[in-house]
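**Q** Questions regarding the structure given below will be posed in turn.
The values are calculated or read from the model by the stated rules, or taken from the named source; none is laboratory data. As the structure is a computational prediction, the values presented were derived from the model and not from experiment. Don't worry about glycine lacking a Cβ; one is built from the backbone with ideal geometry, like all the others, and counts go over all protein chains shown. Heads up: the accessible areas ignore ligands, DNA and RNA and are worked out on the full protein's heavy atoms, side chains in. Shrake-Rupley method; radii C 1.70, N 1.55, O 1.52, S 1.80 Å.
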Amino acid sequence: MAMTIEGEERIEAPVETVWRALNDPDVLKECIPGCESLEKKSDTEFAATVSLKIGPIKARFKGEVELTNLNPPHSYTSSGEGKGGVAGFAKGSAKVMLKADGPDATILSYEASADVGGKMAQLGGRLIQSTSKKLAGQFFSDFNAKVSGGEETRQEA
């Protein structure tokens, strides 16, 4: 079952700062809903473990994320696939684009597509679509708050 999500955030930080944060596993881990671990394997590859609850199904996904089409500091595509055991699988990609909005702000826009299969796909498209939109919205608003808040400090877990 495939779906598309798109949106835009205005972030009170320069493009370079936003770009750095988008490539920082510590920042990403704090902003990805349900993220238990995010490990940088190379400049373009991450290994992730994420726990999510969609309707009555709670699943822990383990997967890989790869960054492609890098055009620093303007855009990249992230794509990944996670396996959640009996719950099924999720795979998706997101194109993230950054555009300066004056010297101290950035417009971040994204187009994401996701595909789920297995037990989760039986939950129905509307629930999965609304949950996906909510998770994407949560990620980008948390990301926005973290980056525009100018938090340079890293909390140790």
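**Q** Let me check against my output: what whole-number percent is the relative contact order of the chain, with C-alpha pairs under 8 Å and at least 6 apart?
**A** Computed over the chain, the figure is 29 percent.
**Q** Only Cα pairs under 8 Å and at least 6 apart count here; give the relative contact order of the range 14-59 as a rounded whole percent.
**A** After rounding, I find 23 percent.
**Q** Next question, about the same structure. Where in the range 71-98 is the amide nitrogen less than 18 Å from a point lying 7 Å along the Cα-to-Cβ axis of K40?
**A** 71-79
**Q** Return the ratio Rg/(2.2 N^0.38 Å) for the range 65-117, where Rg is computed over Cα atoms only.
**A** 1.44
**Q** State, as an integer percentage, the relative contact order of the range 47-103 based on alpha-carbon contacts under 8 Å between residues 6 or more apart.
**A** Result for the range 47-103 is 27 percent.
**Q** Taking the convex hull of the Cα atoms, report for the chain its projected area averaged over all directions, in nm².
**A** Here the figure is 8.7 nm², rounded to one decimal.
**Q** So, one more: Whole number in Å², please: accessible area per residue of the range 2-157, 1.4 Å probe, ligands, DNA and RNA not counted.
**A** 54 Å²
**Q** Calculate the spin-label point distance for S113 paired with D24, positioning each point 7 Å from the Cα along the beta-carbon direction, and give it in nanometres.
**A** Using points 7 Å along Cα→Cβ, the separation is 3.2 nm.
**Q** OK, next. If you place +1 on the Cβ of every Lys and Arg, -1 on the Cβ of every Asp and Glu, and leave all else neutral, what size is the dipole of the range 1-85 about its Cα centre, to the nearest 20 Debye?
**A** 480 debye
**Q** Further question: Tell me, Kirkwood radius of the range 1-93 from alpha-carbon pair distances, in Å?
**A** 14.5 Å
**Q** Right, here's the next one. At 222 nm, what helix-only mean residue ellipticity would the chain give, in deg cm²/dmol to the nearest 500, using -39500 (n - 2.57) for each DSSP H run of four or more?
**A** Only helices count here, giving -8000 deg cm²/dmol.
**Q** Sticking with this structure for a sec: Using packing as a proxy for protection, rank 124-133, 9-18 so that the peptide with the highest average count of other Cβ atoms within 10 Å comes first.
**A** Answer by packing, highest mean first, reads 9-18, 124-133.
**Q** Lys and Arg at +1, Asp and Glu at -1: add these up for the other residues within a Cβ distance under 14 Å of K134 and post the number.
**A** Net local charge, K134 excluded: +2.
**Q** Listed highest first by mean packing, meaning other Cβ atoms within 10 Å per residue, what order do 136-142, 22-28, 40-46 come in?
**A** Listed from highest to lowest mean packing, they are 22-28, 136-142, 40-46.
**Q** Alpha carbon centre of the range 78-103 versus the range 109-151: separation in Å?
**A** 9 Å
**Q** Also, quick follow-up: Express the carbon and sulfur contribution to the solvent-accessible surface of the chain as a percent, rounded to the nearest whole number, probe 1.4 angstrom.
**A** C and S fraction of accessible area: 51 percent.
**Q** Here's a follow-up. Please get the size of the charge dipole for the chain, origin at its Cα centre, with Cβ charges of +1 on Lys and Arg and -1 on Asp and Glu, quoted in debye to the nearest 20.
**A** 920 debye
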